Amino acid sequence: MIELLIDLIAARLSYRPVPVKLLETLAMLFDCDSVFQREHKNKPYNYSLDKTLGTRVLSTPPAASSMFSFYKRNNSYGWLCQIINRFVLKDGINNLRKQFEDRKRFTALEYHALLLPFANCMNCLIKTRYLQLFGKEIIQALDYIENLSAEDHPITRRDLNSLIDVRQGDLTVEQTDVIVVCSSSKTLCENVFKSGGNSIKVSYEAELKKNPTAPIITVTANGHVAAKTIYFLPWQPDADLIKFCDSVKTFVSNAMEKAASESYQSIAIPAIGCGLHGCSISLVARTFVKEVHRQLFKYPMSVSFISLIQQASEIKPISMTIAKGTLEIQLADITTQKVDVIIGSSSSQILKRAIINAAGDDVQMAYAKEHENNPNSLILSVPSGQLPCKRIFFVKWEPNTDEEALQQSIVDLIWNVIQNAISHKFTSIAFPSIGCGQSSCSKQVIVKTMVREIKNQLKMRNLPLTVKLSIAPDQLEIYDEFCKQVLSIEADLSTSISHELPSTWIQSTENKVRVIVSINTNEYKSIVTNFDQAMKGKYTQVIQIERIQNERWYMQYLAHCRDFRKRLKIDTEKRLYHGCPEKAADLIIGDCFNRSFAGVNGTVYGFGVYFSSNATYSHTYAIPNTKGERFMFVSRVLVGHTVLGNSSMKTRPIGYDSTTDGNHIFVTYHDAQAFAEYLITYK
């Protein structure tokens, strides 16, 4: 039942394509003459709803004249059948399916309007009639549906965001149907009166004199500014944050309601409160965007959020909280950032030179030495020299004109940086706008991918980590694009990774990540049996088997699993072995198979992390400790599309996920592409 409710929420939030199976299932529940209703209307229900419905088909609808004869008018549920009549009777489901499969792509608003009756019906039906069938735990899921608000619609936002434009500009040149002017702002009024000429000022003053208490004064532009109409609305800030936010919401809702009543399709609204009042631009922007999202459900139109053009020195940072972390964007030189680590690109000569010149000669020598010693390393870590940060990471990254490859390279870059920062116990990072300078690759793809992946990382890791995006002061257009992405409330942030910890995991009050597997369990016997078959004659004793319960790593791995299955349409997961010394095993358990282990087990088939289905091969790398004990991981590995590797491959070729010897060896190039399930200690 929970799964059905999740699908219901998905439908209400406009998944594409809308799940027709869900609609058919709901029809079975709601159709008063269905097999399900006839069999269960007077029975207690104490077994699987999913299993029961799985064998049912939608019954033949009754004739229109008798369709509600089953229910008397005063029956509590007669109204329910009437509400859903359009869906379950007269081939309603088939007609609905045809609509969704039509060439026309419905907007989120149309989907929402069409599916809302289902949400209302399901909510009432279960609460008033079927509660005893599904148990009290269903209340929590139902309350979630009942209390859904515009802010809780992650899928719908994907469409609504396309209707919102957040940028710097001048209201008087906005080619929208309406521009909104805050009549309490001397700066905004003077700008409009100056651009529009004396006629606009005279018209405004005349209308104000007629009705001084009017919430909105409307003035026709008559070609004096780019828009058709000007709305003058009063607004005053408030020291109380709740009242402040409410006043912004009222300003936005009044303007949009007025525009909708006059059949306008586009509107430009100023960033009120971000200037002389000294109000937080982050608070104004977030409040504005949320309220616009809410209004768009009622009044679909194109909305522009215009911040007056300012000098770079006047523009304040924008920040938002994500889980325990913070994402901040600001116009500033990356070398001035007072954070634990700043990020440079070893492949960008301009950025690298700017950082090294500001850091001083010692850093230049340290970089040259690191590059000489580790020419293939993805990240070169050097001291900060004269900079206010603690460390500098130079990341190997190359721009790419292929959008899919570009996106993946950005995802890999963000992951590797954050993983290494955590390994160094850093809590703050500053990224530059990598790739947004002289490269020919898509700036929009870079910006959107960077913001989305940083949001994902902060949400999934749930650590008190501050990530700053430091945009050069001469890159105002890039800054605006980053602001738009940061302030947009996208599905990527709100959609949590659906993960379920393995049933074998044991909860520990000390949050242990290494749990000894009991020798009496089937879990232990299965691992030992496979190991014994693979290692005949190569070992004398299994000392212990430990289960690795690193939840953060496991969540990251599951995210990759979902991505691989969605992209490849097949399951490419393998269980492979990885042998290593004891010290390396300890590091892997705490910090995963990160790229610092690349090349440790050879580079013949590529410069990555090596795994094998042949335990005797991995055994050769399990160097014994002083007690003669060896260590080998049993790992879950996503091999994806694999290709024959060679020693010149520093990363996987475009279009492939791993390299191989064509037999038992697989080489991965992403930290979360493998998860160590068990560590076998043996002699």
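The values are calculated or read from the model by the stated rules, or taken from the named source; none is laboratory data. Note that the structure is predicted; figures quoted are calculated from it, not measured. No Cβ is skipped: glycine too gets one built from the backbone with ideal geometry, and neighbour counts run over all protein chains shown.
Can you spot a residue in region 480-490 that is surrounded by 13 or more Cβ atoms within 10 Å (Cβ to Cβ), more than 30 Å from D165 (Cβ to Cβ), under 29 Å from the mean Cα position of the chain (by Cα) and modelled with pLDDT under 80? No, region 480-490 has no match at all.
Okay, residues lined up against (1) out of contact with any strand residue (DSSP E or B) (no Cβ under 9 Å at 6 or more places or on another chain); (2) over 21 Å from K484 (Cα atoms); (3) at pLDDT below 85:
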| residue | (1), (2), (3) |
| --- | --- |
| V180 | no, no, no |
| V192 | no, yes, no |
| Y204 | no, yes, no |
| K209 | yes, yes, no |
| L233 | no, yes, no |
| C245 | yes, no, yes |
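Can you tell me which residue is modelled with the highest pLDDT among those in region 641-671 that are surrounded by 23 or more Cβ atoms within 10 Å (Cβ to Cβ) and small (G, A, S)? Among those that are surrounded by 23 or more Cβ atoms within 10 Å (Cβ to Cβ) and small (G, A, S), it is S658.
Which residue, of V395, V363, is of a type in the set (V, I, T), more than 22 Å from I471 (Cα to Cα), in the same structural domain as I422 (by the TED database) and out of contact with any Phe, Trp or Tyr (no Cβ under 9 Å at 6 or more places or on another chain)? Lay out the reasoning, then the answer.
On the way: V395 fails: more than 22 Å from I471 (Cα to Cα).
Of the residues listed, the single one that is of a type in the set (V, I, T), more than 22 Å from I471 (Cα to Cα), in the same structural domain as I422 (by the TED database) and out of contact with any Phe, Trp or Tyr (no Cβ under 9 Å at 6 or more places or on another chain) is V363.
If you go through region 292-321 and pick out every residue that is of a type outside the set (S, T, N, Q), modelled with pLDDT under 65 and either in contact with a Phe, Trp or Tyr (Cβ under 8 Å, 6 or more places away or on another chain) or outside any strand (DSSP E or B) (or both), you end up with 5.
Do we have any residue at all in region 494-506 that's surrounded by fewer than 18 Cβ atoms within 10 Å (Cβ to Cβ), out of contact with any strand residue (DSSP E or B) (no Cβ under 9 Å at 6 or more places or on another chain), at pLDDT 85 or above and closer than 24 Å to T681 by Cα? Scanning region 494-506, I find no residue that is surrounded by fewer than 18 Cβ atoms within 10 Å (Cβ to Cβ), out of contact with any strand residue (DSSP E or B) (no Cβ under 9 Å at 6 or more places or on another chain), at pLDDT 85 or above and closer than 24 Å to T681 by Cα, so the answer is no.
The one condition from (1) outside any loop (DSSP other than H, G, I, E, B); (2) over 23 Å from the mean Cα position of the chain (by Cα); (3) at pLDDT below 90 that I356 does not meet is (3). Answer yes or no: is there a residue in region 332-348 that is in contact with a Pro (Cβ under 6 Å, 6 or more places away or on another chain) and closer than 20 Å to C483 by Cβ. Within region 332-348, one or more residues are in contact with a Pro (Cβ under 6 Å, 6 or more places away or on another chain) and closer than 20 Å to C483 by Cβ.
So that you can scan it fast, the table gives a plain yes or no per residue for (1) without any contact (Cβ under 8 Å) to a residue 60 or more places away in the chain; (2) not hydrophobic (A, V, I, L, M, F, W, C):
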| site | (1), (2) |
| --- | --- |
| L327 | no, no |
| V339 | no, no |
| Q349 | yes, yes |
| I355 | yes, no |
| A368 | yes, no |
| N376 | no, yes |
| V395 | yes, no |
| T401 | yes, yes |
| A405 | no, no |
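Report whether or not A227 is modelled with pLDDT of 90 or more, part of a helix (DSSP H, G or I) and not hydroxyl-bearing (S, T, Y). For A227, the condition - modelled with pLDDT of 90 or more, part of a helix (DSSP H, G or I) and not hydroxyl-bearing (S, T, Y) - is not met.
For region 161-178, a tally of residues being modelled with pLDDT under 75 and assigned to a helix (DSSP H, G or I) returns 3. For R630, state whether it is modelled with pLDDT of 95 or more and in contact with a strand residue (DSSP E or B) (Cβ under 7 Å, 6 or more places away or on another chain). Judged against the criteria, R630 is a match.
Checking the stated criteria, F193 turns out to be part of a helix (DSSP H, G or I), hydrophobic (A, V, I, L, M, F, W, C) and over 42 Å from the mean Cα position of the chain (by Cα). Going by the structure shown, is T603 surrounded by fewer than 21 Cβ atoms within 10 Å (Cβ to Cβ) and within 24 Å of E546 (Cα to Cα)? Considered against the rule, which asks whether it is surrounded by fewer than 21 Cβ atoms within 10 Å (Cβ to Cβ) and within 24 Å of E546 (Cα to Cα), T603 comes out as no.
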